[in-house]
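**Q** The structure is given below, and queries will be raised subsequently.
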Amino acid sequence: MASEHPPLQTVEVDGVERQFPHGLTMLQALRTLNISVPTLCHDDRLTPVGECWVCAVEVSLPRGLPFSNRPACREPLRDGCSIRSGSASLDAFRRNLLEQLAARVAPEEMERFPDKALHRLLREFGVPARAGLDHPIAIDVSHPHIRVDMNRCIACRRCVRICDDLQGESVWHVFGRGDDLRIDTEGGLPLAKSPCVGCGACVDTCPTAALTDASAWHEPVPTEWTRTTCPYCGVGCKLEVGVAGDRIVATRPVIDAPSNKGHLCVKGRYAHGYVDAADRITVPKVRHDGRWRSTDWAEAITLAADGLRRVAAEHGPDAIGVLGSSRATNEENYLTQKFARVVIGTNNVDCCARVCHTPSAAALKHMLGTGVATNSFDDIEQAKTLLVVGANPLENHPVVGARIRQQAQRGAHLIVIDPRRTGLARIADVHLAPRPGTNVPLLNSLAHVLFAEDLVDRDFLAARVEGVEGLAAFMAPWTPERATQLSGVPADAIRRAARLYALERPAMALHGLGLTEHLQGTQGVMALIDLALLTGNLGRAGSGINPLRGQNNVQGAAVMGCDPGTLTGSVRLVDACQRFEAAWGVALPHKPGLNAVTMIDAAHAGKLKALYVIGYDIFASLANADVTAMALSKLDLVIVQDMFLNETANSFGHVFLPVVSSFEKDGTFMNSERRIQRVRRAVAPRGDSLSDAEVLCRLAGELGFGDQFRHTCAEAVWDEIRAVWPAVAGISYGRSSRHGLQWPCVDEYDPGTAVLHARRFANADKAKLEQVDYRPTTECTSEQYPFLLTTGRTLHHFNVGTMTGRTRQQLLRPTDTLDMHPYDAGQLDLRDDMPVRVESRHGEVVLPLRVSDAVAPGQLFATFHDPARMLNRLTGPVRDTVTSAPEYKVVAVRVRLA
Ligand SMILES: Nc1nc2c(c(=O)[nH]1)N[C@H]1C(S)=C(S)[C@@H](COP(=O)(O)OP(=O)(O)OC[C@H]3O[C@@H](n4cnc5c(=O)[nH]c(N)nc54)[C@H](O)[C@@H]3O)O[C@H]1N2
Ligand SMILES: Nc1nc2c(c(=O)[nH]1)N[C@H]1C(S)=C(S)[C@@H](COP(=O)(O)OP(=O)(O)OC[C@H]3O[C@@H](n4cnc5c(=O)[nH]c(N)nc54)[C@H](O)[C@@H]3O)O[C@H]1N2
Ligand code: SF4
Ligand code: SF4
Ligand SMILES: [Mo]
């Protein structure tokens, strides 16, 4: 039997006897002694290949035999060996290698790219670069972010390996051998025409100027690097921002960051140009007679405060609504809801979590006691089966998507439930493609199979779950054949999926908006939780129910209390009002407020009079845009706080308060796996713009609540949050400085929590199964509207495009598209790029067509990233019955040539 602590290995290093644990390479062992060994083809993120030999060390094995050179990066450490890490002959050996490689390096490029690994080594060894600036191989500048100059290639294959192993796209291939060896794309395509997703990993690992950031050729070399968190999605990648002359000129991934492990996607890596976009607004503005006028903060704050005061005096505080920003920090969202409750005196406060994962939060809270992801991204590598439901992580959570794909390629089973053949669906063991809107019958039929084939985990059910008998009876009629009729998914595929999920454990479920943005959004998530409970796939590593949260801080915004029914820490008003009244020293409104969607209803009905919208383009992003527009136009006061005059500001704003981007302020974001991570100022605030926190504090002061909003810095706000929410009490700025911590983390000795519900559920010992009946949506196809459209995202743009639309991402994807199956396109005589008019019962838009077999015949897919298209004119009024999340995922439409 293997002992828990295998004996250490004894190795002689540079004449001194040392002991090491097993499983290290020589390079790793030497690094533990702080002995630096030069490396070139090696990258810690990749399996070592020992190709370049620059890391050679002298090894005698067993000790006493003559020494010979071995590549330290690849060579496993062996008991009884002797290593010399440096010597005159090693030095000559390495220098000789570098001298040969120097023929591929141009002196000018060494200066432009001082951090490239080969350039650094040449400098260290004093070897002069010898290449001229001639380019026998054409330079490929097709890609907006990446420049390819294979004249500089030293054939280390780092790009090939990283694109294979980290990103999984396999863009780079090795052609030929020996001196003729060259690296190229399949078919020699320009990078922009290849399957490259622009993650930049190959650029980042390339040790020469063969692969470089296109921008680096006209930007100065960064003089300072600041570690912060990506401003886009809920993966929460850590990155370093390179700054020169107070401008962001580069970014790179943090190698040892927990969620991205040295990887980024194209947006984190390249889409920061919005920070200095020409049309960024950096002075406050007020609108008179339809025209914006620039002003100073004093006037803008006075006007905003007067307006709010007037509405409250005339119509009461509940005539005002406040929307927090899922893009802003935890600290700012905490202040936002505190502002609504303390200063305005209303619980009408919400954020865009409403429209994406409140159904997940509601279902998880109801059934398991905590409304957040149960597990962590690190569980992906522990899962034997991955179940991806209504999510497209390769595009929307790309770093997690890459991790899922890698795990599947390592042999884990992959089940994808999505009407479209997404990137992951293409490599799945089982792809169940339900007609949009039929998750519940499909998931129920999976539960049916679990009972019928006795695949349930009896021990787990007995110990931890209630309602088993009832659910068994309820599921009896939900046969796969019945689900086939409703969803179109073949019964045998349903059975196969159920078996994999139940038998190949641990099985981890990750889900997205394809499950939540429906009439039965919350119930869909409940049906999924049933499956996890039935199979014991909860409370253990590699399992769980994991909503892939949307924005950088949507999880944070909601948990901070930008929610009309809960206070900081997701505690219900009825349970916690008194505690918060004591903490904040004021009486609070006790009645739950309006949510983002019902605020619009109230505006429409003339009951809501003012809206203070922070970092949320509600007009462009809410469903049924024409109705949203009518409602917003009835408001007496719309205050927009943003970096840009977004569609809401443009069409309905009265006061515009300009704020800084996350690169210009400090704070924290909370990622999808409950990790609190630091955000740090890398550049100075642009123009007169202030942070959201500063604006909220000024406005509160103007309205007479200066005492409650006297925060000197983000850390002071965070410490107030720790005082009112015990689950983060142990997360100080100091402790979260490097990797962040996952809550619950109750004191400074608590390492944080990677897996929830390990022994018991948050609210009770036992979780309760839910019987979810199917209720079809009223949004149905008809003779007039024969197509079923579903809406969502693509890799290159983010939500309503406010930020990515102001970057070079625009060159990768200039506008939204309508995807249609080749069969339907043929029937309608439509081809790629033709402009088509899409009409629903609610409105119409014009989009360029893209013929694609990713969608099924009769179904369509469109993105909503281009505000000029306003896709949400098409989406309708149907909402999740529990949380009001709009049914963005089902729209009946007709299509014709525009
Ligand atoms: N590149 C990029 N990344 C993003 C964003 C972005 O805009 N762009 N936005 C961020 C935000 S705010 C969010 S919330 C997340 C969202 O991330 P996801 O949840 O992945 O988002 P979507 O693309 O809207 O929808 C996911 C999938 O649901 C499928 N679907 C549609 N109808 C159904 C159905 O009835 N059943 C099932 N099972 N599936 C269905 C669609 O085909 C689609 O592939 O992404 C975040 N990340
Ligand atoms: N048809 C269709 N519509 C959808 C969806 C869908 O799947 N289909 N998905 C829905 C979903 S899930 C979501 S989350 C919404 C997203 O809709 P939005 O929340 O409107 O989208 P974002 O693009 O994230 O825009 C947020 C705004 O925040 C601003 N911003 C960025 N950083 C900061 C900051 O630090 N402070 C402040 N004050 N502002 C900042 C940006 O400039 C931008 O104007 O769209 C929804 N709409
Ligand atoms: S940028 Fe990423 S996807 Fe593109 S070739 Fe490089 S590693 Fe591959
Ligand atoms: S995966 Fe998400 S968090 Fe990571 S770099 Fe891309 S957008 Fe940013
Ligand atoms: Mo979202």
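**Q** Distances longer than 50 Å among the Cα atoms of the chain: what percent of all pairs is that?
**A** So the pairs more than 50 Å apart make up 21 percent of the total in the chain.
**Q** Net charge within 15 Å of Thr185 by Cβ-Cβ distance, Lys/Arg positive one each and Asp/Glu negative one each, not counting Thr185 itself?
**A** -2
**Q** Taking the Cα-to-Cβ direction at Gln100 and at Glu224 and moving 7 Å from each Cα, how far apart do the two end points lie in nm?
**A** 4.3
**Q** Top to bottom by accessible area (1.4 Å), largest first, where do Ile255, Ile35 land?
**A** Ile255, Ile35
**Q** To the nearest 0.05, what FRET efficiency results for Thr881 and Arg738 with a Förster distance of 41 Å applied to their C-beta separation?
**A** Calculated value: 0.40.
**Q** While we're here: On average over all directions, what projected area in square nanometres does segment 787-897 have, based on the convex hull of its Cα atoms?
**A** That works out to 7.0 nm², a quarter of the Cα hull's surface.
**Q** Would you mind computing, in nm to one decimal, how far apart the modelled labels at Leu8 and Thr302 are, each placed 7 Å from Cα along Cα→Cβ?
**A** About 7.2 nm separates the two model spin labels.
**Q** Roughly how tilted is helix 692-702, in degrees to the nearest 10 and between 0 and 90, from the longest Cα axis of the chain?
**A** 40
**Q** Taking a probe of 1.4 Å, how large is the accessible area per residue of the chain, in Å²?
**A** 37
**Q** With r as the distance between the Cβ atoms of Ala473 and Arg841 and R0 = 41 Å, compute the FRET efficiency 1/(1 + (r/R0)^6) and round to 0.05.
**A** That pair, Arg841 with Ala473, gives E of 0.60.
**Q** Can I ask one more? Mind giving me the nanometre distance, one decimal, between the label points for Ala92 and Thr47, set 7 Å out from Cα along Cα→Cβ?
**A** Here the answer is 3.6 nm between the modelled labels.
**Q** At a 1.4 Å probe radius, carbon and sulfur cover how many percent of the accessible area of the chain?
**A** Carbon with sulfur: 51 percent of the solvent-accessible area.
**Q** Which stretch or stretches of segment 803-834 have amide N atoms under 16 Å from the point lying 7 Å from Ala898's Cα along the Cα→Cβ direction?
**A** 814-820, 830-834
**Q** Give me the net charge for the shell around Ile255: Cβ to Cβ below 10 angstrom, other residues only, Lys and Arg +1, Asp and Glu -1.
**A** With Lys, Arg at +1 and Asp, Glu at -1, the neighbours total -1.
**Q** Given a Förster distance of 30 Å, report the FRET efficiency between Leu65 and Asp115 from their Cβ-Cβ distance, rounded to the nearest 0.05.
**A** 0.15
**Q** Ranking request for peptides 288-300, 49-61: highest mean number of other beta-carbon atoms within 10 Å first, then the rest in descending order.
**A** Result, highest mean first: 49-61, 288-300.
**Q** Given H placed on each backbone N at 1.01 Å, which residues far from Cys52 in sequence or on other chains put an amide H within less than 5 Å of it?
**A** Amide H to amide H, under 5 Å and 5 or more residues apart or across chains, Cys52 pairs with Cys41.
**Q** Helix 297-315 sits at what angle to the longest principal axis of the chain, using alpha carbons and giving 0 to 90 degrees rounded to 10?
**A** Here the helix axis deviates by roughly 40 degrees.
**Q** Just want the answer: with Cβ charges of +1 for Lys and Arg and -1 for Asp and Glu, which residue in Gln827, Thr804, Val882 is farthest toward the dipole's positive end in segment 787-897?
**A** The residue sitting most towards the positive pole is Thr804.
**Q** While we're here: Given the Cα-Cα distance of Trp292 and His590 and 0.36 nm per residue of separation, how much length would full extension add, in nm?
**A** Length gained between Trp292 and His590: 103.5 nm.
**Q** Give, in nm to one decimal, the length gained when the segment between Ile35 and Ser782 is fully stretched (0.36 nm per residue of separation minus the Cα-Cα distance).
**A** Extra length from Ile35 to Ser782 when fully extended: 261.7 nm.
**Q** Rounded to the nearest 500, what is the chain's calculated 222 nm mean residue ellipticity when only DSSP H runs of at least 4 contribute -39500 (n - 2.57) each, over all residues?
**A** -8000 deg cm²/dmol
**Q** Mind listing the phi-derived Karplus ³J(HN,Hα) values for segment 674-683, rounded to whole Hz, using 6.51, -1.76 and 1.60 with θ = phi - 60°, and x for any glycine or proline?
**A** Calculated HN-Hα couplings, in order: 6, 8, 8, 10, 6, 10, 10, 5, 10, 10 Hz.
**Q** What does the extension gain come out to for Asp246 and Ala723, with contour length at 0.36 nm per residue minus their alpha carbon separation?
**A** 168.2 nm
**Q** I would also like to ask the following. Note down the net charge around Ala56, summing +1 for each Lys or Arg and -1 for each Asp or Glu among other residues with Cβ under 12 Å from its Cβ.
**A** +1
**Q** Roughly how tilted is helix 491-503, in degrees to the nearest 10 and between 0 and 90, from the longest Cα axis of the chain?
**A** Value to nearest ten degrees: 60.
The values are calculated or read from the model by the stated rules, or taken from the named source; none is laboratory data. No experiment lies behind these values; they were computed from the predicted model shown. Ideal geometry is used to build each Cβ from the backbone, glycine not excepted, and the neighbour counts take in all protein chains shown. Surface accessibility is based on the protein's heavy atoms, side chains included, excluding ligands, DNA and RNA. Shrake-Rupley method; radii C 1.70, N 1.55, O 1.52, S 1.80 Å.
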